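Notes to accompany the following structure.
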Amino acid sequence: DYSQQLGWRITQTYIHPDYTNQKMTIIDEYTDFQRVRIVEFNGRETERQEYPNLLGRVPVIHLGNNVESGETFGRPEAEALINVLQRYGLILEAAVEGNELQGRPTPVLNFETKDDLDTFWDLYGENETQTLPDGTTETSKTLSVDLQRLLTVSGANFSYESPGAFVGEAVHLLEIMFYLILEHTELPEFVFGNAISSSKASAESQMPVFVRFIEMKQGEAAGWIKELVEVVLGLMSLTMPGVTVDMPSIQWEPLTTDDGNLTLETIKWAFTEGLLDERTALQLAPIDIEDIDGVLQKAQEERAERYPEQLAPQETAVANNLQDEINQLELDNVNG
């Protein structure tokens, strides 16, 4: 079992095949500072070994999906759609079977009198006997005539009858269930490969919804991905010199291929005209920067080292005054 206080505990019990009263239990307990291995024989501890946990944490990472407030394990994406998905499959299967069974017209003989009907069965019917599951037998009549071939009868009208149409209703029900699935998952219709008619929203207008859905899932996964990377780096640092455990950062691949040239040109124009400061320009730029303040500070330091003549007027005045004071002190020392 697992708990936040204890960590990870594994219990294995072995029973002698010939002596059921002889039982050995091995317990492994993992905490953030040590591992304890305990051997018990018939409930009495006979051996205990302790090992330090050099990693400093229990290497168990919890992956929760759709974890709501007060929940621990979350829930699957399609939990509320189980009944709909089952009915979707049943309706589709029933529609296919119904079309196979009733897709062909059924030949019908309409007799004017019962005597004509009995005469027809006496001529063309055959007795068929089958054994039932309880062991008894049952005899019924079947037709030996092929109704697909030419048939002549007396006192009867022959015709083909077709069943009522049901495919349209099945399609309508499947469409309703499909839109219920879309409504629950909040995924756009084109993601499922469904064609978008001209009367519906285009794929371009639905794409931002799908992008936000993926970004939400990425945000949920960022926590356990960072934990996993920390555990891997921690294990590698124990055996590989030079590997350090730092707080990892996650960079996701762009979800869309939008051209950022227009955004970049707009930012350059606004910055040149003095409408934007450096920090805002970096925030609006079509690139991913986590520590904007750190980037600005480093850029200012490198700019001051490379181009000291381009210092701001105030900084230049301070530097000149400092240099004048230094020259005056040197002159006083010489005269003194």
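The values are calculated or read from the model by the stated rules, or taken from the named source; none is laboratory data. Everything numeric in this text was worked out from a predicted model, so none of it was measured. So basically every Cβ, Gly included, is an ideal-geometry build from the backbone, and we count neighbours across all protein chains shown. For accessibility, only protein heavy atoms count, side chains too; no ligands or nucleic acids. Shrake-Rupley method; radii C 1.70, N 1.55, O 1.52, S 1.80 Å.
Taking the criterion of being modelled with pLDDT of 80 or more and either within 20 Å of Ala94 (Cα to Cα) or of a type in the set (Lys, Arg) (or both), the residues of segment 182-217 that qualify are Arg212, Lys217. Conditions: (1) open to solvent by 50 Å² or more (accessible area, probe 1.4 Å); (2) more than 30 Å from Phe73 (Cβ to Cβ); (3) of a type in the set (Gly, Ala, Ser); (4) modelled with pLDDT of 75 or more. Gly294 meets all but one. Number of the miss? The one condition Gly294 does not meet is (1). Where strands (runs of 3 or more DSSP E) sit wholly within segment 1-110, those with at least 3 residues that are surrounded by fewer than 12 Cβ atoms within 10 Å (Cβ to Cβ) occupy 7-15, 44-52. Within segment 87-113, the set of residues being among the charged types (D, E, K, R) and modelled with pLDDT of 85 or more comprises Arg87, Glu93. Condition check: aromatic (Phe, Trp, Tyr) and closer than 30 Å to Ser237 by Cα. Does Tyr14 satisfy that? The answer is no for Tyr14. Kindly indicate whether any position in segment 81-96 is of a type in the set (Asp, Glu) and within 30 Å of Glu161 (Cβ to Cβ). Yes, there is a match, as at least one residue in segment 81-96 is of a type in the set (Asp, Glu) and within 30 Å of Glu161 (Cβ to Cβ).
Just checking, does segment 238-249 include any residue being within 30 Å of Glu186 (Cα to Cα) and at pLDDT 75 or above? Scanning segment 238-249, I find at least one residue that is within 30 Å of Glu186 (Cα to Cα) and at pLDDT 75 or above, so the answer is yes. Among residues of segment 268-280 that are touching a residue at least 12 places away in the same chain (Cβ under 8 Å), those with a beta-carbon under 8 Å from a residue that is of a type in the set (Asp, Glu) and surrounded by fewer than 13 Cβ atoms within 10 Å (Cβ to Cβ) at least six positions away or on a different chain give the pairs Arg279/Asp293. Figure legend. Inter-residue proximity from segment 155-179: first residues in a helix (DSSP H, G or I) and at pLDDT below 80, second residues surrounded by 10 or more Cβ atoms within 10 Å (Cβ to Cβ) and aliphatic (A, V, I, L, M), beta-carbon distance below 7 Å, spacing 6+ or different chains. Indicated pairs: Val167/Ala95. Taking every residue in segment 221-233 that is more than 13 Å from Gly64 (Cβ to Cβ) and open to solvent by 70 Å² or more (accessible area, probe 1.4 Å) and pairing it with any residue that is hydrophobic (A, V, I, L, M, F, W, C) and outside any helix (DSSP H, G or I), at least 6 positions away or on another chain, the pairs with Cβ-Cβ distances below 6 Å are Leu228/Ile61.
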